[in-house]
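What follows is a short report on a single structure.
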Amino acid sequence: MTASKARPALDTPYQSSRLAGLLAQALLLGLIALLLAAIIAPITALLLKSFLDQQGAFIGLGNFARYIGEPGLAVAIWNSVSLSTISTALTLAIAFPYAFALHRSDIPLKGLFRVIMLAPLLAPSMLPAFGMIYLFGNQGLLKSWLMGGTIYGPIGIVSASVFHALPHAILILSAGLASGDQRLYEAARALKASPARTFVQVTLPSCHYALISAGCVVFVSVFTDFGIPTVIGGSTNVLATDIYKQVIGRFDFELGAVVGVLLLTPALIAYGVDVLARRSQRATFSGRSVPVALRANRSRDVACLVLVTLVTVAILGIIGMAIYGSLVRFWPYNLALGMHNYHKALSDPDELRTLTNSLVLATATAAVGTCLVAMSGWMVSRKAFPAGLTQALQGLAMVPVAVPGLVLGLGYVFFFNNPANPLHILQGSMALLVLCTIAHFYTVPHLMAVGGLIKLDREVDLAAQALRSGPAATGRRIHVAVLGPTLIDIAGYLFVNAMTTVSALMFLFNAQTRVAAIAVVNMTEGSRFGQATALAVLVMLICLAATALQMALRSLIIRRQAWRRQER
Amino acid sequence: MNVHQSDTRLQNGATQVAPFLSVGGLSKRFGQSTVVDDVAFEVGRSEFVCVLGPSGCGKTTLLRLIAGFERADKGVIAMNGVDVTTRRPEERDFGIVFQSYALFPNRTVAGNVGFGLEATRASGAQQQARVAELLTLVGLTEHAGKYPSQLSGGQQQRVALARALALSPGLLLLDEPLSALDANVRARLRLELLALQRRVGVTALMVTHDQQEALAVADRIIVMNRGRIVQCGTPRQVFETPADLFVARFMGEMNAFPITGVDHDGVEAGPVRLMLAEASGSLPARAHLCIRPGAVLIGAEAEAAPRPLAARVRQVLYLGDTVRLTLQVGGHEATPVNAEIPSARLPLLPSIGDAVAVAFPAGQVRILGDGA
């Protein structure tokens, strides 16, 4: 064997990895610069704008003072805060038992319930609102249920918001409830704790971070949502619709910026609360934790099944109603079913273009966004770069989650429409919409990419380096394979969100680049209700198809990657 | 050739073979703490050297400095006569095996072993032949198509070893390679590791905190504590003539008594007394008189020794191969003595309270500073 020392044919050529290292550093810096331009710069432009007057002079809090003097402001703020709070409370009250039923009870058909629960994610936020209008609106089927009240207003906003936010809350709470420690429950049993006491003392504390996180996410999402209050809010004014009034209605950009800052505040507070809560969360799930084993409990299972069925029926009912409404020729006068609304939507070249624009936007966002996120996730998780730079990258990637879409969109207007900005040429282009959408949804995919790679020991990279494989080569040979299914999930996430988003694009589109979700909002303002619903349903169908494709690709990849299966 | 090198080759702890690796004045600080402090040693060609020490002593950092994953603040690292101190890891001639195996999860055993070969100028057939050769060497030929998740810990470690040897490196670095394995697998695998190293003839430097492991496989042991080298020598030297109390206690059980009195006759520490003629050299700071439990004589052997003492049994622990007795020598009840006797010599275990003779052979008593 000692002869193996002299084998010229196996000599590894000395590879200069310095050039590759420099290129990689340049890529990192480029990515940081891109995120700065796409996220920080627009927000800064908006913040600055709120302190400037129309001529660009600094006037301190002058705009804020002017806004406070506006009539109806107090009402708008009060409406936003109260409606968001009520929606959050209701959402959590439904989401927690639902997540509990999925993870801590023994009901049948869990897979089916989970899939249906996710359905609202695949539709623009206005779709549940349409369903509710068909059911409870002025010509609604079940209008009598409201006993004289109207769906247009607080009731509609809260109901539709709860519907829209439910999947997000359930997902977050599921993450908290899925990881429990059986040993705690056994200890509680040994100490003869009653089921109620066990719930309060063991189950609730173990997911208090998930509860706080879900609460923050839902509150901010409802507070800053634009689509639902526009469609079903009636005369109830909230901050989100107010920003639109100021900017589009009155071209008062400075006041619009002020409202943007106001919308930013709860998001920043929620982000701070989230960070604090995470820090105080003790590690309840360690490597030694034992997964929770369910005890047989018939009454618990029956109660859970009833709840889950009710929620599922409600979801299917609302969405089904919306679909039904879209098939009706002219509600409520001509209830004949037909594809009339769909034909009108697709034959009108302007409307058809909105659909193709949506597809272009969603596909480009998914394609470009996945590449960017894969790079930033890779750079952050592999620790192959100077710590300061990767921390900056991670920090930048986390910012979008605290910025509401409306605020970001308005910031883009101020930053990219400014003639002094060399990037001004992007104004009104699809490229700008793509950039804004990628920036808007950057955080979660980035975290998914980091999460997908962080499980791989750093020592794997070191072993590869000792075998003369530099960071780029190792990335190509090892990391991409490990990250495969996650990349598919990221692409699906970006596609669906780009198809259904309204808020960020509200100020950026023009006649050429208008997307379907925005067309839906426009059409409800013009009372082409059936067509709006049809378009929203079409968007949902596209998202369904995309999700099906995502699942198919995912299982294909996992099947080809035989190494993922644990066999001993 | 004996697996265990005899003492004739390496008497004074320094290698007499041409060094492959030589390290001088190596230092590394992380923030305020000096993790590696002025470390210097040599490893001879085809030698198997273990760096031994408790957690936090700097041994893993030392290994990473030699590999190039960390940059030294001060000092020189030379491999095969070439100064590699400023070279990146891929420019140094070594292979490395990690405690966590660090196998590539998406590649088969053959794919892992052949990873480093893929960038070479070797043809596909040559690469395959080399991979087959290595798999035969570690005994994993029939597992060539399996993935790491399908292998046991011991098998994964062997794949890591074969992978590290694929490019025929001049130096094999091992970072606690056996720590993650069960005790019985560990005992078996370390002898396989040693046999492999002898067959291939590669220079090996292994980091471990397990003194049994180091004693079993090393030609020389480098004991580290708090970033510094405390002793460097053969396993026998380090065990039987430790440099200080820290090394003595780290290598195994040790009775240690602080010196209480020095007079014209000799040195006294607890129940142990050493005559001046038997003691040599000056006393180190905070000196102790020390003797291994295995060297303490009891019963008939003690009575035959020069200065037997009377003692009472305070505790009896049956440990399988040996029996550990805790004894209190008359007049020194505050400083009990541990004695370890092979079970075969005690067909009848003594009871607590029994009177027994005990003696401390002068040749086995060491004077050691406490190494603080």
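Between the Cα long axis of helix B:124-138 and the first principal axis of chain B there is an angle of about 20°, rounded to the nearest 10. Rounded to the nearest 500, the helix-only mean residue ellipticity at 222 nm of chain A stands at -21500 deg cm²/dmol, with each DSSP H run of n ≥ 4 adding -39,500 (n - 2.57).
Normalising the Debye intensity of the range A:44-92 to I(0), with uniform scatterers on Cα atoms only, and taking log10 at q = 0.30 Å⁻¹ returns -1.00. Its Cα centre serving as origin, chain B has a Cβ charge dipole (Lys and Arg +1, Asp and Glu -1) of approximately 940 debye.
Taking every residue in B:124-133 and counting other chain Cβ atoms within 10 Å of its Cβ, the average works out to 1.
Can you tell me the dipole magnitude for the protein assembly as shown around its Cα centre, using point charges on the Cβ only (Lys, Arg +1; Asp, Glu -1), in Debye to the nearest 20?
Rounded to the nearest 20 debye, it is 1580 debye.
Computed on the Cα trace of the range A:502-561, the radius of gyration divided by the Kirkwood hydrodynamic radius gives Rg/Rh = 1.20.
How large, in Å, is the range A:13-149 by the Kirkwood hydrodynamic radius built from its alpha-carbon pairs?
By the Kirkwood definition, the hydrodynamic radius is 22.0 Å.
Overall size of chain A from C-alpha positions, given as principal axis extents largest first: 93, 70, 50 Å.
Ellipsoid fit via the Cα gyration tensor, the range B:93-207: semi-axes of 21, 17, 12 Å, each the root of five times an eigenvalue, largest first.
Per the Debye formula on identical point scatterers at the alpha carbon atoms of the range B:228-366, with no solvent, log10 I(q)/I(0) at q = 0.12 Å⁻¹ is -0.49. Taking the Kirkwood radius as Rh and the Cα radius of gyration as Rg, chain B has a ratio of Rg/Rh equal to 1.05. Peptide B:67-76 has a mean shielding of 1, counted as Cβ atoms of other protein chains within 10 Å of each residue's Cβ. Counting every C-alpha pair in the range A:116-173, the share spaced more than 17 angstrom apart comes to 39%. Other residues lying with their Cβ under 11 Å from the Cβ of A:THR198 contribute a combined charge of +3, Lys and Arg counting +1, Asp and Glu -1.
Within 10 Å of each Cβ of B:113-119, how many other protein chain Cβ atoms are there on average?
Across the residues of B:113-119, the mean count of other-chain Cβ atoms within 10 Å is 5.
Within the protein assembly as shown, antiparallel bridges make up roughly 75 percent of the DSSP beta bridges whose residues both belong there. Taking a ≥ b ≥ c as the square roots of the eigenvalues of the Cα gyration tensor, the range A:13-88 is oblate, since a/c reaches 1.5 or more and a/b is not larger than b/c. In the range B:287-372, the alpha-carbon atoms span a convex hull of 112 Å³ per residue. Looking at the range A:63-132, what % of the alpha carbon pairs are farther apart than 15 Å? More than 15 Å apart: 73 percent of the Cα pairs in the range A:63-132. Take each peptide in A:145-154, B:162-171, count the other Cβ atoms within 10 Å of every residue, and average; sorted highest first, the result is B:162-171, A:145-154. Helical runs (DSSP H, four residues minimum) scored at -39500 (n - 2.57) apiece and divided by the length of chain B put the mean residue ellipticity at 222 nm at -6500 deg cm²/dmol. What number comes out for the charge environment of A:ASP350, summing +1 per Lys or Arg and -1 per Asp or Glu over other residues with Cβ under 15 Å away? Result for the local shell: +2.
Pairs over the 27 Å Cα-Cα cut-off, from the set A:LYS110/A:LYS192; A:LYS455/B:LYS74; B:LYS59/B:LYS146; A:LYS49/A:LYS245; A:LYS383/B:LYS59: A:LYS110/A:LYS192; A:LYS455/B:LYS74; B:LYS59/B:LYS146. Where does helix B:153-165 land angle-wise versus the long Cα axis of chain B, in degrees 0 to 90, nearest 10? Taking Cα atoms only, the helix is inclined about 60 degrees.
For the pair the range A:496-518 / the range A:530-568, the C-alpha centres are spaced 23 Å from each other. All other residues whose Cβ lies under 10 angstrom from that of B:GLY369 are scored, Lys and Arg at +1 and Asp and Glu at -1, for a net of -1.
When you work out D = kT/(6 pi eta Rh) for the range A:370-484 at 25 °C and 0.890 mPa s, using the Kirkwood radius from C-alpha pairs as Rh and the Stokes-Einstein form, the result is 154 µm²/s. Could you tell me whether the range A:296-387 comes out rounded, prolate or oblate from its Cα gyration tensor? Rule is a ≥ b ≥ c as square roots of the eigenvalues, rounded for a/c under 1.5, then prolate if a/b exceeds b/c, otherwise oblate. Verdict is oblate for the range A:296-387. Which residue, B:SER168, A:LEU541, B:ALA119, has the largest displacement toward the positive end of the dipole of the protein assembly as shown when charges sit on each Cβ (Lys, Arg +1; Asp, Glu -1)? Going by the charge dipole, the pick is A:LEU541. Largest mean-square fluctuation among B:HIS143, B:HIS264, B:HIS332, in a Gaussian network model of chain B whose springs join Cα atoms under 10 Å apart, belongs to B:HIS264. Of the residues B:PRO105, B:PRO148, B:PRO308, the one that moves most in a GNM of chain B with alpha-carbon contacts below 10 Å is B:PRO105.
Axis angle, to the nearest 10 degrees, between helix B:183-200 and the longest C-alpha principal axis of chain B: 60 degrees. Dipole of the protein assembly as shown computed with +1 at Lys/Arg Cβ and -1 at Asp/Glu Cβ about the Cα centre; of A:ALA384, B:ALA214, A:ILE86, farthest Cα towards the positive end is A:ILE86.
Taking packing as the residue-averaged number of other Cβ atoms within 10 angstrom, the listed peptides A:443-449, A:61-67, A:82-88 run from highest to lowest as A:443-449, A:82-88, A:61-67. Here the contact order of chain A, divided by its residue count and restricted to Cα pairs under 8 Å and six or more residues apart, works out to 22 percent.
About its Cα centre, the dipole of the range A:266-391 is roughly 820 debye, where the only charges are +1 on Lys and Arg Cβ and -1 on Asp and Glu Cβ.
Readers should treat all values here as calculations from the given coordinates under stated rules, not as data from a laboratory. Only a predicted model underlies this, so the values are computations on that prediction, with no experimental measurement involved. Cβ coordinates were reconstructed from backbone atoms using ideal geometry, including for glycine residues, and neighbour counts include every protein chain displayed.
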